[in-house]
Amino acid sequence: MIGALLLAAACAPSLAGRENAAAVVLRVRDGAGAPVADAPLELASGAWSVCAVTDADGCAAVARPGPVEPLRVRVRGETEVVALAGNADGAPVDVRLEASGGSVAEAVTVSASLRPERVAESAASVVEVRAEDFAVYPGAPPDVALRDVPGFSLFRRSDSRSANPTAQGVSLRGVGGSGASRAAVLDDGVPLNDPFGGWVAWGRVPPVALDRAEVVRGGASSLYGGSALAGAIQLVRRDPDAPEADAETSYGSFGTLEGAAFAGGRIGGWRASVSAEGFRTDGEIAVAPDVAGAVDTPLAAHHASGEARVERDLGSSAVVFASGALYRDSRDNGTPLQVNDTRLDDVRAGGAAPLAGGDASVRLYGTWERYSQSFSAIAADRDSERLTSLQEVPSRALGGTGRWSAVFGAHAVAAGIEGREVIGESDETLFPFGGGTTYAAAGGRQLTGAVFVEDRIAAGKRTTVLVGGRYDSWRNDDAFRESGPTPSDAARQDLPSRSESFFSPRLSLSYRAGAETTLVATAYRAFRAPTLNELYRGFRVGNVVTLPNADLSAERLTGGELGIVWTPPGGRVLARGTLYWMDIADPVTSVTLSTTPSVITRQRQNLGRTRTRGAEVDVEAPVAMGVTVAAGYAFADATVVEAADPTLVGLAVPQVPRHQATLRVRGAVGPVTLAAVARYVSEQFDDDRNQLPLAAFATLDLMASVPVAGGLQAFIACENATDERYEVGRTPVATLAPGRAVRGGVRIRLGRR
């Protein structure tokens, strides 16, 4: 962006005094057919050259001082030759960029090192999911587009539209899925992971409000702490300088209706934005027809979210901001008696300013949440169920981060400090077999604090060294357990306080082996502290009961990776290959304690040690004018290498497929934008003993959009076009993903995008 502004400023004087010359009118569109606004242009033909900048409609009228031969157009530094045969003066000349959003190799990430750096030069394995990638899934929450990143998975394969909220934790690189995320998810720098349970309420952030998402794969605790055992995902919101607005609505299969809107802009020293989303679906029965009984009902759901943000420019590059958000979610979990409800409120405030030769920022946040859920026992013939418990889970989190970064000669330094307090408990009314009720509760407080520093050193013309580390300390106290006939008669047991600390170092070496090739080597350690949910809250899914464990200790990861990045001239192709190895000591796993025909009982335990060895390949490239292809593959060999129960050694880590692959094609045929995404996931297991396999599956998603008038577009999308009812879990009855889903709608875009 800075380079574009400088180019525009340098070129502006070249048009002075040429108002009376004949004009060439250019119309610049991206690979999706949308106008490219505010793009600096260089034009040359024969002996003359001039510069211009496109307007909001992607057009530029360029005064030419001489005759027109084949016209050379450079848009943001990329050259294209345009033949003008048959074009009269004043007739628009279409210039179509090969890849929407510009050069993929020039894309900038801020998540890998907390400083802007080119994705192609990052020592970390970074995948950028852009706004046009989210647009392939109109009306879907962010996790639906993120699953196209190989290695990304939610617990039990379901996306957040049909999964239980407590099963929406994300994992990367085959470290094993669980309800709690093993990757940090951040919303513009603020943790989105649930403070009590570690899962992610993906519906809190409408994709229409996103500029992009940055996925950093591999241990990232050196920057992001205990939630980033296997990586980090940064959701970057749109931050417009000029007034703009987007809105969309669609309707489709299973009675699914959604609407979302975003508006924002700057007036003087003030900048503001608002976003909102509403979603509802009647859902589909998740149990196969040959197994389903009278008790099985569709997975209906509805949620609403909204956020307002205001920012004030104080001058001298200093700003302050404040925002508030709410999220409401209710779901039917597949039987009449199983429902859940989430109410979450969020406030944030902070600012940024130059400090000590660099840039500093502060963010403070608070989250208040109440989660409710009911559980039942289902009869073997699935024709009846019995209520077993009602849970109320109130929780609260207060936290803050302070970060500073600067460049001093060959050193680019980042440092920071973080702190958070989480208080939560699970209050449960139990309905034992035979009648009556009892009461049980458990909870506590978790305090965490951390400091970190990282230095990116230009050690030579070809070599870059990154060294960093983070020290985290956390303490669980005020823990308790209560039980009794009623809350007023419950006996309280105070649990001992526990504390741990961990140092997360990281060392990376990047070597520019040639003009097109970079070699990368990285070693790191990472950790994840158990959540209050894992320590104190039990739950039931179907006829599988999982017990908490107040004695859990932190998971500790040691890993390394070797990578190669290839970026040929022009920046239109980016290819990255990575080999990695990760050992996790004391992984928190649901260990099977007993199995009967009516119930399977498990408990969260520190298993022992697991090892994951794997490889990743990501390629994005144009294949024709306006058509791009992105492909990715992830291999993960994840096994148990140590366990207290020797029969578990050598088994596969639950919830980890050995193979994941995606292929995405996006392009334009005239005014119509088309996209297709194919995805393959191999077999995995739903349990620690590898007795409940989930079969491999492949899906195909399709999308088409066409401009109607002005900024209005009509679209139609089809997810799971092959109607593959693949398995997402076993409870122990197999539950299935929704079948083919078709929806159509309209989207309007006003102002710049």
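The values are calculated or read from the model by the stated rules, or taken from the named source; none is laboratory data. Predicted, not measured: the structure shown is a model, and the values here were computed from it. For neighbour counting, all protein chains shown are included, and Cβ atoms are generated from backbone atoms with ideal geometry for every residue, glycine included. These accessible areas exclude ligands, DNA and RNA; they are computed on the full protein's heavy atoms, side chains included. Shrake-Rupley method; radii C 1.70, N 1.55, O 1.52, S 1.80 Å.
Things to note:
- Candidates Ala668, Ala737, Ala709, Ala661, filtered to the one that is under 26 Å from the mean Cα position of the chain (by Cα) and at pLDDT below 95: Ala737
- Being open to solvent by 40 Å² or more (accessible area, probe 1.4 Å) and under 30 Å from Asp427 (Cβ atoms) is a description that does not apply to Leu562.
- Any hit, the stretch 368-378, residues being open to solvent by 10 Å² or more (accessible area, probe 1.4 Å), of a type in the set (S, T, N, Q) and in a strand (DSSP E or B): yes
- Screening Ile417 on (1) within 30 Å of Arg386 (Cβ to Cβ); (2) open to solvent by 60 Å² or more (accessible area, probe 1.4 Å); (3) not in a loop (DSSP other than H, G, I, E, B) shows it passes everything except condition (1).
- Those residues of the stretch 339-349 which are open to solvent by 20 Å² or more (accessible area, probe 1.4 Å) and in contact (Cβ under 8 Å) with a residue 40 or more places away in the chain, in sequence order: Arg348
- In the stretch 350-367, residue nearest to Ala414 (Cα to Cα) [restricted to those that are open to solvent by 40 Å² or more (accessible area, probe 1.4 Å) and within 23 Å of the chain's Cα centre (by Cα)]: Val362
- Answer from Val95, Val149, Val129, Val119 - the residue that is farther than 28 Å from Gly559 by Cα and in contact (Cβ under 8 Å) with a residue 60 or more places away in the chain: Val95
- Strands (runs of 3 or more DSSP E) completely within the stretch 465-551 that count 1 or more residues being without any contact (Cβ under 8 Å) to a residue 40 or more places away in the chain and either within 30 Å of Val733 (Cα to Cα) or open to solvent by less than 70 Å² (accessible area, probe 1.4 Å) (or both): 491-494, 498-512, 517-528
- The residues of the stretch 177-213 that are closer than 23 Å to Val119 by Cα, open to solvent by 10 Å² or more (accessible area, probe 1.4 Å) and in contact with a helix residue (DSSP H, G or I) (Cβ under 7 Å, 6 or more places away or on another chain), listed by number, are Pro191, Pro207, Asp211, Arg212.
- Test for Glu428: is it of a type outside the set (S, T, N, Q), open to solvent by less than 50 Å² (accessible area, probe 1.4 Å) and either in a loop (DSSP other than H, G, I, E, B) or modelled with pLDDT under 95 (or both): yes
- Every pair of residues 6+ apart whose Cβ atoms lie under 9 Å, when the first sits in the stretch 384-413 and is basic (Lys, Arg) while the second is assigned to a loop (DSSP other than H, G, I, E, B): Arg386/Leu337; Arg386/Ala379; Arg386/Phe431; Arg386/Phe433; Arg396/Pro195; Arg396/Phe196; Arg403/Leu114; Arg403/Gly189
- Residue within the stretch 615-629 that is modelled with pLDDT of 95 or more, surrounded by 22 or more Cβ atoms within 10 Å (Cβ to Cβ) and either touching a strand residue (DSSP E or B) at 6+ places or on another chain (Cβ under 9 Å) or basic (Lys, Arg) (or both) present: yes
- Sole residue being of a type outside the set (Asp, Glu) and over 21 Å from Val208 (Cβ atoms), chosen from Ala308, Ala318: Ala318
- Selection of the stretch 348-362 for residues being outside any strand (DSSP E or B) and of a type outside the set (A, V, I, L, M) yields only Gly357.
- Considering the stretch 730-753, the residues that are outside any strand (DSSP E or B) and open to solvent by 30 Å² or more (accessible area, probe 1.4 Å) include one that is farthest from Leu694 (Cα to Cα), namely Arg752.
- Within the stretch 594-613, being in a strand (DSSP E or B) and without any contact (Cβ under 8 Å) to a residue 24 or more places away in the chain holds for Ser594, Thr595.
- The residue pairs whose first member lies in the stretch 172-189 and is among the acidic types (Asp, Glu), whose second member is assigned to a strand (DSSP E or B), and whose beta carbons are closer than 8 Å, counting only pairs six or more residues apart or on different chains, are Asp187/Leu235; Asp187/Arg237; Asp188/Gln234; Asp188/Leu235; Asp188/Val236; Asp188/Arg237.
- Subset of the stretch 113-130 [under 16 Å from the mean Cα position of the chain (by Cα) and open to solvent by 20 Å² or more (accessible area, probe 1.4 Å)]: Val127, Glu128, Arg130
- Filtered residues of the stretch 277-296 (kept if over 30 Å from the mean Cα position of the chain (by Cα) and hydroxyl-bearing (Ser, Thr, Tyr)): none
- Of all residues in the stretch 450-464, exactly one satisfies the criterion of being crowded, with 18+ Cβ neighbours inside 10 Å and polar (S, T, N, Q), namely Thr464.
- Scanning the stretch 552-582 for residues that are within 23 Å of Arg611 (Cα to Cα) and outside any strand (DSSP E or B) returns Leu552, Ser553, Ala554.
- Any chance Ile423 is open to solvent by 30 Å² or more (accessible area, probe 1.4 Å), modelled with pLDDT of 95 or more, part of a strand (DSSP E or B) and more than 30 Å from Ser122 (Cβ to Cβ): yes
- The numbered conditions (1) buried (at least 24 other Cβ atoms within 10 Å of the Cβ); (2) in contact with a helix residue (DSSP H, G or I) (Cβ under 9 Å, 6 or more places away or on another chain); (3) closer than 26 Å to Pro548 by Cβ are all true for Arg161 except (3).
- Matching option when the condition is touching a residue at least 12 places away in the same chain (Cβ under 8 Å) and either under 22 Å from Met703 (Cα atoms) or out of contact with any Phe, Trp or Tyr (no Cβ under 6 Å at 6 or more places or on another chain) (or both), among Ser253, Ser275: Ser253
- Flag if Val407 is assigned to a strand (DSSP E or B), hydrophobic (A, V, I, L, M, F, W, C) and over 30 Å from Arg498 (Cβ atoms): yes
- Residues satisfying the criterion are absent from the stretch 152-172 (criterion: within 11 Å of the chain's Cα centre (by Cα), in a helix (DSSP H, G or I), farther than 25 Å from Val619 by Cα and among the aromatic types (Phe, Trp, Tyr)).
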